[in-house]
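Reviewing the structure listed below.
The values are calculated or read from the model by the stated rules, or taken from the named source; none is laboratory data. Not measured: the values here are computed from a predicted model. Because the Cβ atoms are built from the backbone with ideal geometry, glycine has one as well, and the counts that use them run over all protein chains shown. Areas reflect the complete protein model, heavy atoms only, side chains present, ligands, DNA and RNA absent. Shrake-Rupley method; radii C 1.70, N 1.55, O 1.52, S 1.80 Å.
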Amino acid sequence: FKMCPGRVISKLLCSGEKEVNLAVQSAKAAFKIWSQMSGMERSRVLLEAARIIREQREEIATLETINNGKSIFEARVDIDISWQCLEYYAGLAGSLAGEHIQLPGGSFGYTRREPLGVCVGIGAWNYPFQIACWKSAPALACGNAMVFKPSPFTPISVVRLAEIFTEAGVPKGLFNVVQGGVATGQFLCHHPDVAKISFTGSVPTGIKIMEMAAKGIKPVTLELGGKSPLIIFSDCALENAVNGALMANFLTQGEVCCNGTRVFVERKILDVFTKEVVKRTQKIKIGDPLLEDTRMGALINRPHLDRVQGFIKQAKEQGAEVLCGGDLYVPDDPKLKNGYYMRPCVLGNCTDDMTCVKEEIFGPVMSILPFDTEEEVVERANTTKFGLAGGVFTRDIQKAHRVVAALKAGMCFINNYNISPVELPFGGYKASGFGRENGRAAIEYYSQLKTVCVEMGDVESVF
């Protein structure tokens with residue numbers, strides 16, 4: 001493997017209506033076999049898939065780095081989270097059950113937890129392999145089949161996941177991959193044999209998917225964008241808070257939906273915090289993402305890089321101050337000269353009404369905003385259409401819990417940020433979507449309850 005940014009590494013044919021139909025029908029046939037297997041049988045297959053991923057961690061991480069541009073250091077973490085996700089749901093597969101309810105006169109009822117059928121997963125380009133695992137693991141554990149469409153910008157690594165599932169022993173066609181853009185997604189959403197759609201991506205696309213799903217009365221899970229607040233109180237452990245701010249803004253070149261890009265800093269420590277953040281940001285190693293010491297790779301493509309640069313230009317026009325970075329970066333290595341690199345950016349002198357503070361940039365751009373009181377910052381933090389995440393740094397544990405309870409966000413962090421254990425549900429409020437990935441909560445979104453009522457006596461007729 002070699003990094004050649006800006007060059008085509010492969011070409012794939014888009015899946016049209018015929019290919020989508022074949023994928024769905026193949027998955028439907030596999031579903032009949034898989035759904036009749038016991039939870040323990042499904043568990044063993046998922047554990048084998050997890051073992052293969054763990055064994056091939058380095059190869060898959062390298063593939064993901066080339067696929068996406070993130071550092072190999074981060075890609076390895078993504079792959080670890082992926083096999084852990086499969087292991088977690090393998091552990092739950094054998095325990096999925098309904099309940100027995102005693103009724104009067106010896107009668108009783110019970111519920112059955114049943115799979116939905118063929119589920120569709122539509123992934124994003126920032127965490128291609130990991131998102132595919134987050135969606136497929138609970139789906140398969142519950143007995144469903146899945147047809148997955150990765151982003152056309154990162155089509156490669158999910159194909160490897162499909163191969164791994166096959167190697168692990170899933171029925172042929174249980175996890176199918178189709179390639180393409182908008183048209184392919186539309187064919188999937190409208191297909192009459194698709195039972196559910198899980199989408200990760202932008203708000204505008206999420207709205208369209210919801211509209212298409214509504215026509216077939218299909219349940220949807222939407223994991224959309226964010227403009228999350230990170231609140232730094234003056235009683236924080238400063239070094240830890242700086243680390244948290246960097247983690248909340250610069251992972252995967254800032255291309256993370258739950259990033260805490262509105263960094264609210266209590267005025268008492270504004271100067272010292274800002275100075276330290278700028279110093280640390282300037283030291284971030286940019287370059288070849290396959291090198292061990294690289295901490296920031298290239299953005300996904302040229303149009304996205306231009307879009308991020310446009311946000312920075314507009315921020316300056318609206319009065320924000322570029323404290324560091326924001327400019328294009330050209331590595332010394334000639335083979336990287338066409339890469340979509342930029343220096344991570346910290347913006348100061350920001351106000352709540354600026355575009356850079358209101359809109360999701362999805363790039364390595366941090367906006368710092370001062371605040372004076374807890375009540376004030378909570379109100380400002382919640383003044384957004386999004387509600388994906390939020391973070392608080394403070395030594396006062398009562399204040400920490402009080403503030404996260406007041407934040408209108410689905411995923412909150414206290415004295416850390418961007419930690420996503422597979423055991424905990426992940427998802428947002430408001431325009432950031434609904435439904436949950438990970439944790440036991442995801443089981444609810446990939447299964448349905450059937451109620452059975454059993455009468456042990458004669459039926460009493462009212463007629």
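Over 19 Å between Cα atoms, which of K285/K337; K208/K430; K227/K399 qualify?
Where the Cα-Cα span goes over 19 Å, the pairs concerned are K227/K399.
In the chain, with Lys and Arg counted as +1 and Asp and Glu as -1 at Cβ, which of these residues, P334, A405, Q84, has the Cα nearest the positive end of the dipole, that is, farthest along it?
The listed residue farthest towards the positive side: P334.
Take V330, project a point 7 Å from its Cα along the Cβ direction, then tell me which residues of segment 276-302 have their backbone nitrogen under 18 Å from it.
Residues 286-288, 298-299, 302 fall inside that zone.
Need the full-extension length gain, I33 to R302, defined as separation in residues times 0.36 nm minus the C-alpha distance. One decimal, nm.
Numbers: separation 269, 0.36 × 269 = 96.84 nm, distance 4.45 nm.
Separation in residues times 0.36 nm, less the Cα-Cα distance, equals 92.4 nm.
Suppose a student asked you for the relative contact order of segment 1-122, using Cα pairs under 8 Å spaced at least 6 residues apart; what percent would you report? Please report the intermediate quantities before stating the final value.
Numbers: 87 pairs, mean separation 33.0, N = 122.
Result for segment 1-122 is 27 percent.
Please state the charge dipole magnitude for the chain, taken about the Cα centre, from unit charges on C-beta atoms (+1 on K and R, -1 on D and E), reported in debye and rounded to the nearest 20. Spell out each step's value before the answer.
On the way: 51 positive and 50 negative charges, 180 e Å.
Using Cβ point charges on Lys, Arg, Asp and Glu, the chain gives about 860 debye.
Which residue, F362, I286, S15, has the largest displacement toward the positive end of the dipole of the chain when charges sit on each Cβ (Lys, Arg +1; Asp, Glu -1)?
S15
At a Förster radius of 41 Å, what calculated FRET efficiency corresponds to the Cβ-Cβ distance of L13 and K399, to the nearest 0.05?
On the way: r = 55 Å, r/R0 = 1.35.
In this case the efficiency is close to 0.15.
Considering amide H positions built from the backbone, and no H for Pro or chain starts, which residues 5 or more places from S367, or on another chain, come under 5 Å of its amide H?
V263, L347
For segment 298-384, what does the relative contact order come out to in percent, with C-alpha contacts under 8 Å and a separation of six or more? Display every interim value, and only then the final one.
Working: 113 pairs, mean separation 24.9, N = 87.
The value is 29 percent.
According to the Cα gyration tensor, what semi-axes, each the square root of 5 times an eigenvalue, does the equivalent ellipsoid of segment 1-97 have, listed from largest to smallest in whole Å? List each step's numbers first, then the result.
Working: eigenvalues 181, 105, 15 Å².
In descending order, the three semi-axes are 30, 23, 9 Å.
To the nearest 20 Debye, how big is the dipole of segment 331-413 about its Cα centre, given +1 on the beta carbon of each Lys and Arg and -1 on that of each Asp and Glu?
Values: 10 positive and 12 negative charges, 70 e Å.
The calculated dipole for segment 331-413 is roughly 340 debye.
Calculate for the chain the 222 nm mean residue ellipticity that helices alone would give, adding -39,500 (n - 2.57) per DSSP H run of length 4 or more and normalising by residue count, nearest 500 deg cm²/dmol. Let's see the in-between values first.
Numbers: 15 runs with 186 residues, N = 463.
Calculated mean residue ellipticity at 222 nm is -12500 deg cm²/dmol.
If you plug each phi of segment 297-305 into the Karplus form 6.51 cos²θ - 1.76 cosθ + 1.60 with θ = phi - 60°, what whole-Hz ³J(HN,Hα) values come out, in order, with x for Gly and Pro?
Here the 3J(HN,Hα) series is x, 9, 5, 5, 6, 5, x, 6, 4 Hz.
From the phi angles alone, apply the Karplus equation (6.51, -1.76, 1.60; θ = phi - 60°) to segment 449-463 and give each ³J(HN,Hα) in whole Hz, x where the residue is Gly or Pro.
Ordered by residue, 3J(HN,Hα) equals 9, 10, 9, 10, 10, 10, 9, 8, x, 7, 6, 8, 8, 9, 9 Hz.
Return the percentage of antiparallel bridges among DSSP beta bridges fully within segment 268-382, rounded to the nearest 5 %.
Antiparallel: roughly 50 percent of the beta bridges in segment 268-382.
If DNA, RNA and ligands are ignored and the probe is 1.4 Å, what is the ranking of M40, M146 by accessible area, most exposed first? Kindly include the intermediate steps, with their values, before the conclusion.
Numbers: M40 110, M146 0 Å².
These residues rank, largest area first, as M40, M146.
As I understand it, the dipole of the chain uses +1 on the Cβ of Lys and Arg and -1 on the Cβ of Asp and Glu, about the Cα centre. Which of A248, F73, V377 lies farthest toward its positive end?
With unit charges placed on the Cβ atoms, the residue in question is F73.
Step through the residues of segment 357-362 one at a time and calculate ³J(HN,Hα) from phi using the Karplus curve (6.51 cos²θ - 1.76 cosθ + 1.60, θ = phi - 60°), rounding each to whole Hz and writing x for Gly and Pro.
Here the 3J(HN,Hα) series is 8, 8, 9, 6, 8, 6 Hz.
For segment 334-443, what percent of Cα pairs sit more than 19 Å apart?
Working: 3413 of 5995 pairs.
I get 57 percent for the Cα pairs in segment 334-443 exceeding 19 Å.
When the Kirkwood hydrodynamic radius is evaluated over all pairs of different C-alpha atoms of the chain, what value in angstrom, to one decimal, is obtained? Numbers along the way, then the final one.
On the way: mean 1/r = 0.0428 Å⁻¹.
Result for the chain stands at 23.3 Å.
Could you check how much of the accessible area of the chain is carbon and sulfur, as a whole percent, using a 1.4 Å probe?
55 percent
In nanometres, what is the gap between the two model label sites at N416 and N338, each 7 Å from Cα along Cα-to-Cβ?
Once both label points are built, they end up 4.1 nm from each other.
Quick check: the distance between the Cα centres of segment 245-269 and segment 36-66, to the nearest angstrom?
After rounding, the separation between the Cα centres reads 32 Å.
Evaluate E = 1/(1 + (r/R0)^6) for N21 and S202, where r is the Cβ-Cβ distance and R0 equals 22 Å; express this FRET efficiency to the nearest 0.05.
Working: r = 27 Å, r/R0 = 1.21.
Calculated transfer efficiency: 0.25.
How big is the gap, in Å, between the Cα center of segment 132-180 and the Cα center of segment 358-435?
Centre-to-centre distance over Cα atoms comes out at 31 Å.
Among residues other than T355 whose Cβ falls under 14 Å from its Cβ, what is the net charge (Lys/Arg +1, Asp/Glu -1)? Each step should come with its number before you reach the end.
Working: positive: K227, R262, R307, K313, K316, K358, K385; negative: E317, D352, D353, E359, E360.
The answer is +2.
Kindly report the accessible area of the chain per residue (heavy atoms of protein chains, probe 1.4 Å, no ligands, DNA or RNA), in Å². Present the calculation step by step, with values, prior to reporting the outcome.
Details: 20120 Å² over 463 residues.
It amounts to 43 Å² per residue over the chain.
Which FRET efficiency value, to the nearest 0.05, is calculated for R44 and R112 with the Förster distance at 22 angstrom and r the Cβ-Cβ distance? Write out the running numbers ahead of the final one.
Details: r = 22 Å, r/R0 = 1.01.
Rounded to the nearest 0.05, the efficiency is 0.50.
Sort all Cα-Cα distances of segment 124-237 into consecutive 10 angstrom bins from zero, then give the percent of pairs in each bin up to the one containing the longest distance.
Spelled out bin by bin, segment 124-237 gives 12, 42, 29, 9, 6, 1 percent.
Before anything else, pin down the relative contact order of the chain: Cα pairs under 8 Å, at least 6 apart, normalised by residue count, whole percent.
Details: 1012 pairs, mean separation 89.6, N = 463.
Reported relative contact order: 19 percent.
Quick one: work out the % antiparallel among DSSP beta bridges in segment 14-162, nearest 5.
Values: 3 of 8 bridges.
Within segment 14-162, antiparallel bridges account for around 40 percent of the total.
Among all stretches of the chain without exposed GluC sites (Glu not before Pro) (DSSP loop, at most 16 other Cβ atoms within 10 Å), which one is longest? Write out the running numbers ahead of the final one.
Details: sites that count: E99, E292, E359, E423, E455, E460.
Value returned for the longest uninterrupted segment is 100-291.
Leaving out same-chain residues fewer than 8 places away, which aspartates and glutamates sit with a Cα under 13 Å from that of K28?
D193
For Y329, enumerate residues with amide H under 5 Å from its amide H, sequence gap 5+ or separate chain, H modeled in the peptide plane.
Y341, M342, R343
In nm, give the distance between the simple-model label positions of E276 and Q102, each being 7 Å from the Cα along the Cα-to-Cβ direction.
With each label placed 7 Å out from Cα toward Cβ, I get 6.0 nm.
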